[in-house]
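Everything below concerns the one structure shown next.
The values are calculated or read from the model by the stated rules, or taken from the named source; none is laboratory data. Not measured: the values here are computed from a predicted model. A quick note on method: Cβ atoms are made from the backbone with ideal geometry, for glycine too, and the neighbour counts reach across all protein chains shown. Surface areas here come from the heavy atoms of the whole protein model, side chains and all, with no ligands, DNA or RNA. Shrake-Rupley method; radii C 1.70, N 1.55, O 1.52, S 1.80 Å.
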Amino acid sequence: MSEQKPEAVWVFPEEPKKRGGRIALIIGLVVAALVVAAVVVLFLIPRGDGVPTPTTSPTASKTATPSTSPIPTVVPTDLPTAPVTTPPPVPDPSVDAFRGQVQPRLDDASTGLELVQSQSGDAAVQVVDSLQNDAQNLAGQPAPTAIAAQWGEAVNVYAARLQSLRSAYSGESDTSGALDDAKVALGQLRSLVGL
């Protein structure tokens, strides 16, 4: 029989868990959160400090009030107020400046109408929807007074032609007439601004 040799095993006593530091940290964080919350609440609560708002009286003179103190106190009865201002009127743009503002959308409309000619179904409807969004932006653009009335009418006609074109593409009907009408309406808009 073979003799068993004793095995060396290291045995360490279990160390006691120290939780005091963790508990103190948690308590400190809770206290800090409460302090921050209290400070925020103090700043958010409106205070009625009882400070009267200055009012103006119809008289423009300053009166002195008698006082028992050695230095007389002057209390103004009319405080200067900021004048009520209305926003300045929007300057009337020149036709050249207006052309520069609307030309990108008008150029995109020309490209879109050429593109929609080769499309059908949902793809064409999406292109026309994009053109209708551009038409709404054109309608919201303040035109010079020299062409404002004609511009408004021409944009309305163009938008109506785009709606007819969209209906033609969604209904799978003949789109050539509606497409030609939209191109003519776009041409009128372009000619109004000299494009």
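Is the stretch 137-154 home to any residue that is part of a helix (DSSP H, G or I), open to solvent by 80 Å² or more (accessible area, probe 1.4 Å) and touching a residue at least 60 places away in the same chain (Cβ under 8 Å)? No, because not a single residue in the stretch 137-154 is part of a helix (DSSP H, G or I), open to solvent by 80 Å² or more (accessible area, probe 1.4 Å) and touching a residue at least 60 places away in the same chain (Cβ under 8 Å). Select from the stretch 155-195 the residues that are β-branched (Val, Ile, Thr) and either closer than 17 Å to residue 127 by Cβ or in a helix (DSSP H, G or I) (or both) and write down the one among them that is least open to solvent (accessible area, probe 1.4 Å). By that ranking, first place goes to 155.
I'm trying to understand the selection: among the residues of the stretch 113-135, which are under 28 Å from the mean Cα position of the chain (by Cα) and among the small types (Gly, Ala, Ser)? Spell out the reasoning first.
As a first pass, look at the stretch 113-135 and keep what is under 28 Å from the mean Cα position of the chain (by Cα): 126-135.
Answer for the stretch 113-135, where residues must be under 28 Å from the mean Cα position of the chain (by Cα) and among the small types (Gly, Ala, Ser): 130, 135.
For the stretch 30-46, the tally of residues that are at pLDDT below 90 and over 32 Å from the mean Cα position of the chain (by Cα) stands at 1. Counting only residues that are assigned to a helix (DSSP H, G or I) and open to solvent by 50 Å² or more (accessible area, probe 1.4 Å), the stretch 101-128 holds 12 of them.
Take residue 62 and tell me if it is basic (Lys, Arg), more than 30 Å from residue 189 (Cα to Cα), exposed (fewer than 10 other Cβ atoms within 10 Å of the Cβ) and modelled with pLDDT under 80. No, not satisfied. Using beta carbons and a limit of 8 Å, which pairs, at least six apart or on different chains, have the first residue in the stretch 100-113 and closer than 9 Å to residue 138 by Cα and the second one charged (D, E, K, R) and open to solvent by less than 70 Å² (accessible area, probe 1.4 Å)? Close Cβ pairs (under 8 Å, with a partner that is charged (D, E, K, R) and open to solvent by less than 70 Å² (accessible area, probe 1.4 Å)) amount to 105/134; 106/190.
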